[in-house]
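Here's the structure, in structure tokens; my notes come after.
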Amino acid sequence: MQTRWTVDWDDLRFLLAVARGGSYSAAARTLGVTQPTVGRRIAAFEKHLGARLLGRTAAGLSLTGSGQQLRAHAERMEREAHAAEAATTGHDEGLEGPVRITASEWVARSVLGPLLAPFLERHPRLVLHLVADARHLNLARREADIAIRPSRFRQQEVYQREIAAVEFALYASDHWLARNGPPDFARGCPGAPLIAMSEEMTTIVDVDWLPRIAANARVVARVNGREAMATLSAAGLGLVCLPRLLGDATPGLRLLRTPGPLPRRKLWLGVHGSARAIPRVKATLDHLRASFGDLRDRLQPGWVPAVRAP
């Protein structure tokens, strides 16, 4: 007698990740597996179903008609799975298992790494998944348990609060200042090389602030992360806008006196309502809230007198 094959929730989870990410590589990052693993799982799933679930377009992978029908069922199962997890672990006092946190790369490395290290030492059965990514993972879809962003969350299901204000400033390397002298802010820094964020990053402080003080600078490089920008500037490539916490700590960089007040950006901590009751997630949230309070003076240190002229 032929054995009837049933749909595995894990297969649906892989399909959802590809549908949301638009590629096997994006799905692999979300799921924490390799790209070939995603491809093999999808191929086996399609073979068992006897239907094509994904097709290629100019924009990447997209669901076929059969895939769209299956997605609706998969998302219902996903919601039930998340609700079941919250219900079964909501009163568990043990702190163990994974906690997935997403933030930009400089926040992940310069802020979250040092803040979470002592917390993980106290709770060795916790497993931290720290996703340093400029793109915003979706909390409603549980692509992450906790997110830290420089803007408010729009989903109604997300509980959020402002946890910090980050001050930004302009920096240059000792080497660059020795060769070129301080930038001429009175004339908009004519000809000064500038390391800028990638053009798709449109909601950053640089967009509003830099044109007011360095309108005549020339962009020599565009980067999608502050850590890489700091490295390039420290190597002598040019001026760079950085969070104070990162810029002040980067060897070889000098804080520049710029006209007017320094810009600040709020940081928001968000968690989906279905994850907030899980003890390991709640404990991590409590630790982050307290730790960011202790870090306030380093995130927004206020003005520092002008650096010496080289």
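Remarks
- Any hit, region 256-270, residues being modelled with pLDDT of 90 or more, touching a His at 6+ places or on another chain (Cβ under 9 Å) and of a type outside the set (D, E, K, R): no
- Qualifying helices (runs of 4 or more DSSP H) (wholly inside region 211-310; at least 3 residues being surrounded by fewer than 21 Cβ atoms within 10 Å (Cβ to Cβ) and of a type in the set (G, A, S)): 279-294
- Among all residues of region 278-286, there is none that is more than 24 Å from the chain's Cα centre (by Cα), of a type outside the set (K, R) and at pLDDT 90 or above.
A quick yes/no check of all residues on (1) part of a helix (DSSP H, G or I); (2) at pLDDT 85 or above; (3) under 24 Å from T250 (Cβ atoms):
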| position | (1), (2), (3) |
| --- | --- |
| E80 | yes, no, no |
| A83 | yes, no, no |
| T88 | yes, no, no |
| L95 | no, no, no |
| V107 | yes, yes, yes |
| V127 | no, yes, no |
| L139 | no, no, no |
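The values are calculated or read from the model by the stated rules, or taken from the named source; none is laboratory data. None of the values given here were measured: they were computed from a predicted structure. All Cβ positions, even for glycine, are placed from backbone atoms using ideal geometry, and neighbour counts span all protein chains on display.
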